[in-house]
Amino acid sequence: MTERMGLLSGKTAIVTGGASGLGEATCRLMVAEGARVIVADIQDDKGVAVADDLGDAATYRHVDVTSEDEIRAVVDEAVDRWDRLDCMYNNAGIVGAVGPIDEMPLDDWQFSIDVLLRSVFLGSKHAARVMKAQRFGVILATSSVAGLQGGLGPHAYTMAKTAVVGFTRNLAAELGPYSVRANAIAPGKINTPMNADVLFGDPEALDRSLEYFKTQGTPLAGKPGLPADIADTAVWLMSDRSAFVTGQTIVVDGGLTTGSIEGAEAGQGRFANHEPLLREGGRRGR
Ligand SMILES: NC(=O)c1ccc[n+]([C@@H]2O[C@H](COP(=O)([O-])OP(=O)(O)OC[C@H]3O[C@@H](n4cnc5c(N)ncnc54)[C@H](O)[C@@H]3O)[C@@H](O)[C@H]2O)c1
């Protein structure tokens, strides 16, 4: 029997924020699909544990995504090591500054923008430097449903995630002629340490947050948003199966941004009840 070729067989990648949550799940699936990956993060213990668990196909590197020197260095290391870079996944993030706009300290706003947006600029810049020359590659970023609708995240977060959507389109336009694709993913509410921390003040409280996400964050019954849902999309976007997809922000939110009611019982969706035909002037029926 011939061995199954993975979706990412032979491909090489850097995943920022790879030590936890969506990035970790993506690294794990990438390796299962045949890729070699540098897990880049600032949570060293967690990152080392993930890379060790994944064996020879993964290496951990301490990379602060706000540092151009550190991003440049990890991209150069990938090229030295593999002679190519197939994918750069700019995924690292934080919730950042929260609170009302009129009380938000500028420094907190700036710090948040640096982690969430400067990082995507830097990762894309240095990946593009390599990918333009090699004439292939995929640049991915994690945006958010907060980048698509108001009221779903704090201000700096929303500004950065919205900018990622536009930047992704621009990148795709510039890099398409070099056969380099650029896409983003807009996750909805996903059960990761970030959200466990927001909900319960404890990034380790994933069992509790899983219970919460079983009924909140999606109109889909019995389907919480899981890191694997994002990993599946990321791997597809890195693979040749998405060869004609570029400049897009793929929404993976269980229908949250459709405006459907979260956690509604079957038959209780908006306008799903048995009201008769509603007509002009308050008249009903035919
Ligand atoms: N979880 C969700 O519901 C959700 C929804 C939409 C978007 N996102 C986005 O997904 C991405 C991943 O988030 P997550 O939910 O997996 O959270 P997470 O906290 O589990 O993982 C984020 C990782 O980014 C790393 N990181 C933070 N600052 C960094 C820095 N300066 N340099 C390098 N690494 C840094 C953290 O150490 C952590 O390992 C983020 O960009 C987040 O905004 C998450």
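For the structure I just gave you, tell me whether Arg28 is over 21 Å from Ser119 (Cβ atoms) and under 15 Å from the mean Cα position of the chain (by Cα).
Here the answer is yes, as Arg28 does meet what is asked.
When residues of segment 219-238 are filtered for being in a loop (DSSP other than H, G, I, E, B) and of a type in the set (Val, Ile, Thr), how many remain?
Number satisfying all stated conditions: 0.
Between a first residue in segment 35-53 that is in contact (Cβ under 8 Å) with a residue 60 or more places away in the chain and a second residue that is surrounded by 18 or more Cβ atoms within 10 Å (Cβ to Cβ), which pairs have beta carbons less than 7 Å apart while being 6 or more apart in sequence or on different chains?
Ala35/Leu8; Ala35/Lys11; Ala35/Thr12; Ala35/Ala13
Of the residues in segment 239-286, how many are more than 30 Å from Met30 (Cα to Cα) and part of a helix (DSSP H, G or I)?
3
Can you tell me which condition Ile71 does not meet? The list is (1) among the β-branched types (Val, Ile, Thr); (2) under 19 Å from Ile230 (Cβ atoms); (3) in contact (Cβ under 8 Å) with a residue 40 or more places away in the chain, and all the others hold.
Here Ile71 meets the rest and fails (2).
Since Asp207 meets every condition but one in (1) in contact (Cβ under 8 Å) with a residue 40 or more places away in the chain; (2) loosely packed, with under 14 Cβ neighbours inside 10 Å; (3) over 21 Å from the mean Cα position of the chain (by Cα), which condition does it not meet?
(1)
Would you point out the residue of segment 8-44, among those that are within 23 Å of Ala243 (Cα to Cα), of a type in the set (Val, Ile, Thr) and surrounded by fewer than 24 Cβ atoms within 10 Å (Cβ to Cβ), that is nearest to the ligand (Cβ to nearest atom)?
Looking at the filtered set, the residue picked out is Val31.
Bear in mind these aren't lab numbers, they're just calculated from the coordinates by the rules spelled out. Bear in mind that the values here come from a model prediction, so they are computed numbers and not experimental data. We place every Cβ from the backbone using ideal geometry, glycine too, and count neighbours over all the protein chains shown.
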